[in-house]
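Okay, so here's the structure we're looking at.
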Amino acid sequence: MKKKPSRKKSAASTFVGTVINIVILLAAVMLVYRGSAVAFDYGERIFGEEPMEQAPGTDVEVTVAAGDDVASVAAQLEEKGLIRDVNLFRIQNLITANPEGFREGTYTLNTSMTPEEMINILSGNAQEE
């Protein structure tokens, strides 16, 4: 004959199950909160990334070769200290609707320029100052 579990054991297992569910729920809420904060920060940077330095900044020469894609130009800009994040720059380029890409040539950019200003210069949509 099977012995019925005691009420104490049943209550204890229910309590433990409830605690585990609460811990899982809290972990999920914390994960969503942290993810949202990171996403908000990244989204804010897409539209309002500050220049690397305040004016007057430092002039830096950048060369765009024929066939260079956005990723290679962005890597060069990051290497030369003009931008902070290659992937962020690629997203900013997509948002500026620059379908032709960058024009080949040698450009003098400045560390006090925003990524949007650099994109406009590199794509030929603005006059180099």
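Observations on the model:
- In the set (1) surrounded by fewer than 10 Cβ atoms within 10 Å (Cβ to Cβ); (2) of a type outside the set (Phe, Trp, Tyr); (3) in contact (Cβ under 8 Å) with a residue 12 or more places away in the chain, Lys8 fails one condition alone, (3).
- Single residue of the stretch 65-99 satisfying the filter (more than 14 Å from Pro51 (Cβ to Cβ) and of a type in the set (S, T, N, Q)) that is surrounded by the most Cβ atoms within 10 Å (Cβ to Cβ): Asn93
- Matching residues, the stretch 36-49, being of a type in the set (D, E, K, R) and surrounded by 11 or more Cβ atoms within 10 Å (Cβ to Cβ): Arg45, Glu49
- Options Val29, Val38, Val73; residue that is on the phi < 0 side of the Ramachandran plot and touching a Phe, Trp or Tyr at 6+ places or on another chain (Cβ under 6 Å): Val73
- In the stretch 54-113, the residues that are at pLDDT below 90, aliphatic (A, V, I, L, M) and either under 22 Å from the mean Cα position of the chain (by Cα) or part of a helix (DSSP H, G or I) (or both): Leu94, Ile95, Ala97
The values are calculated or read from the model by the stated rules, or taken from the named source; none is laboratory data. Keep in mind the model is a prediction, meaning the values are calculated, not measured. Heads up, the Cβs are rebuilt from the backbone with ideal geometry, glycines too, and the neighbour counts pull from every protein chain shown.
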